[in-house]
2 protein chains.
Amino acid sequence: MARVIVDVMLKPEILDPQGQAIARALPRLGFTTITDVRQGKRFELELPGPATEATLTEARKIAETLLANTVIEDFHVHVEEDA
Amino acid sequence: MARVIVDVMLKPEILDPQGQAIARALPRLGFTTITDVRQGKRFELELPGPATEATLTEARKIAETLLANTVIEDFHVHVEEDA
């Protein structure tokens, strides 16, 4: 059984108010190392069998049509092998 | 410059209605390979310098106190080296 991960993040040129809110909260909580935060989404897609080139292509199509808004978001598809 | 990634996912025993809605939409759209979907969050924390054990510890504390609700969510912290 394999798991395909789709990471969806706002494009770098798109303002991310959620990430900014977190970044501004950090110094108040005593965390001073982090300079910037971006928040995005992570989807775990479960496959019954192993991940093949065909299933990766399907996952990419799913990401494009359903999971990401490609006008404002970038997505990245990768495989996480699992027990 | 390094980037620390915090992945936050609902614990496996917690119901994920967002993921279920996506999983149920897939066959209607013609995607039949995926058996289950879980939706979570991905945070990208920017560091001015390289990631050290100390910054990873700080990232873990940030995840615990601010990014994840550890009652219902699991988080995973890892480093993504960047230009």
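If A:Thr33 satisfies all but one of (1) within 18 Å of B:Val6 (Cβ to Cβ); (2) at pLDDT 95 or above, what's the number of the condition it fails?
Every listed condition holds for A:Thr33 apart from (2).
Residues that are closer than 12 Å to B:Ile34 by Cβ and facing chain B (nearest Cβ under 10 Å): list the strands (runs of 3 or more DSSP E) wholly contained in chain A that include at least 1 such residues.
Ranges flagged: A:2-10, A:36-47.
Among the residues of region B:6-47 satisfying the criterion of being loosely packed, with under 14 Cβ neighbours inside 10 Å and β-branched (Val, Ile, Thr), which is farthest from B:His78 (Cα to Cα)?
Once the filter is applied, the top-ranked residue is B:Thr32.
Condition first: among the charged types (D, E, K, R) and buried (at least 18 other Cβ atoms within 10 Å of the Cβ). Can you find one or more residues in region A:60-83 that meet it?
No - not one qualifying residue is present in region A:60-83.
The values are calculated or read from the model by the stated rules, or taken from the named source; none is laboratory data. Note that the structure is a prediction, hence the values are computed from the model and not measured. Ideal geometry is used to build each Cβ from the backbone, glycine not excepted, and the neighbour counts take in all protein chains shown.
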